[in-house]
Amino acid sequence: MNVDSTLTEKKELTGSAINPNKALWEKGDFTRIAETMRKSGEELVATMGITKSMHILDLGCGDGTTAIPEARLGANVTGVDIATNLVKAGNLRAQNEGLSNCVFEEGNAADLLELKDESFDLVVSIFGAMFAPRPFDVAKQMVRVTRKGGRIIMGNWIPGDPTLVAQILKISAAYTPPPPEGFVSPMLWGIEDQVTERFVKAGVSKENISFEREQFTFNANYSPTTFVQIFRDYYGPTMNAFEAAEKNGKARQLQQELEALFNSENKSTTADTTSISATFLRVTVLC
């Protein structure tokens, strides 16, 4: 991943090395994307069987697209995200809604040392933990903090899928330098065999892992072309792609590819609004 040198002072350090995953998600402002995800986040949470006083960990929570609706249902929610700016935004949203049962904390999905074993009835990660490095450690940590008889629910984008997000990431990757040696694509979380292998190694029986393909819709009160600009200005992977493309004189080409994608996927009936659905893999793990 490219890391903007202007962010250096803000980033988590390990020795003298910048954490590139933290830098990526603190880059820009993902809340601008998350604003288009609110309705689908609420609809997805409504299918999770959440009851009052349930203890939930929302991992890779961003500013609370699913964590806030979980708390509205009366659950006690801990949101964990690697990006400091998103944790602050989530706590502000919870405060503004008077949700004292929802707290956001900074943390690494692959290393949840601050959380005790079997602390949660439900662990949720919707398009979050899939982007963390060390996927086997991520699975192990999710299983460790889930109580016996509890559940894990993940939503993961699917590699090669023709719908929006997989195509954004595919197009963006074509303009960026090759990833570093040892990089494991987050899109592997969208492959059933890969997911099964990770959770089985974490101690879960294969029979307790199930999959469904579902739709998640992005809704915006502006045009698909404007939506592309939002991604260009505020979404870390797309920002990196444009930075690399500009150096190679290909920024206009990238812009045109993304505009063609967004306009072709838009199902809104009015020119100045956007409604685009993307397919994801829903993973349910019984612990």
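Computed quantities for the displayed model
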| read-out | value |
| --- | --- |
| Selected residue [assigned to a loop (DSSP other than H, G, I, E, B) and over 14 Å from the mean Cα position of the chain (by Cα)] from 47, 36 | 47 |
| Residue within segment 147-165 that is surrounded by 21 or more Cβ atoms within 10 Å (Cβ to Cβ), closer than 26 Å to residue 277 by Cα, touching a Pro at 6+ places or on another chain (Cβ under 9 Å) and β-branched (Val, Ile, Thr) present | no |
| Residue within segment 191-201 that is crowded, with 20+ Cβ neighbours inside 10 Å, over 22 Å from residue 141 (Cα atoms) and touching a strand residue (DSSP E or B) at 6+ places or on another chain (Cβ under 6 Å) present | no |
| Residue within segment 107-125 that is β-branched (Val, Ile, Thr), under 20 Å from the mean Cα position of the chain (by Cα), within 17 Å of residue 83 (Cβ to Cβ) and not in a loop (DSSP other than H, G, I, E, B) present | no |
| Odd one out for residue 267 among (1) in contact (Cβ under 8 Å) with a residue 24 or more places away in the chain; (2) touching a strand residue (DSSP E or B) at 6+ places or on another chain (Cβ under 9 Å); (3) part of a loop (DSSP other than H, G, I, E, B) | (1) |
| Condition broken by residue 260, with the remaining ones in (1) touching an Asp or Glu at 6+ places or on another chain (Cβ under 8 Å); (2) free of Cβ contacts under 8 Å to residues at least 40 places away in the same chain; (3) aliphatic (A, V, I, L, M) satisfied | (1) |
| Among (1) modelled with pLDDT of 95 or more; (2) of a type in the set (Gly, Ala, Ser); (3) surrounded by fewer than 17 Cβ atoms within 10 Å (Cβ to Cβ) - the single one residue 53 does not satisfy | (1) |
| Failed item in (1) over 30 Å from residue 150 (Cα atoms); (2) in contact with a strand residue (DSSP E or B) (Cβ under 6 Å, 6 or more places away or on another chain); (3) buried (at least 17 other Cβ atoms within 10 Å of the Cβ), with residue 251 passing the rest | (2) |
| Residues of segment 89-103 satisfying the condition of being touching a residue at least 12 places away in the same chain (Cβ under 8 Å) and either over 17 Å from residue 26 (Cβ atoms) or exposed (fewer than 13 other Cβ atoms within 10 Å of the Cβ) (or both) | 93, 94, 97, 99, 101, 102, 103 |
| Top-ranked residue in segment 83-104 [being in contact with a Leu (Cβ under 9 Å, 6 or more places away or on another chain) and not in a strand (DSSP E or B); ranked as farthest from residue 65 (Cα to Cα)] | 83 |
| Condition check for residue 199: modelled with pLDDT of 95 or more and outside any helix (DSSP H, G or I) | no |
| Residue list for segment 68-82, restricted to those being closer than 22 Å to residue 154 by Cβ, in contact with a Lys or Arg (Cβ under 9 Å, 6 or more places away or on another chain) and either assigned to a helix (DSSP H, G or I) or of a type in the set (Gly, Ala, Ser) (or both) | 68, 69, 75 |
| Of all residues in segment 135-185 being in contact with a helix residue (DSSP H, G or I) (Cβ under 6 Å, 6 or more places away or on another chain) and part of a helix (DSSP H, G or I), the one that is nearest to residue 236 (Cα to Cα) | 172 |
| Selected residue (criterion: surrounded by the fewest Cβ atoms within 10 Å (Cβ to Cβ)) from residues of segment 65-82 that are out of contact with any Asp or Glu (no Cβ under 6 Å at 6 or more places or on another chain) and either of a type in the set (A, V, I, L, M) or farther than 19 Å from residue 145 by Cβ (or both) | 74 |
| Which listed residue, of 156, 208, 221, is more than 19 Å from the chain's Cα centre (by Cα) and closer than 23 Å to residue 43 by Cβ | 221 |
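The values are calculated or read from the model by the stated rules, or taken from the named source; none is laboratory data. Just so we're clear, the structure is a prediction, and the values are computed from it rather than from any experiment. When we count neighbours, we look across all protein chains shown, and the Cβ atoms used for this are built from the backbone with ideal geometry, even at glycine.
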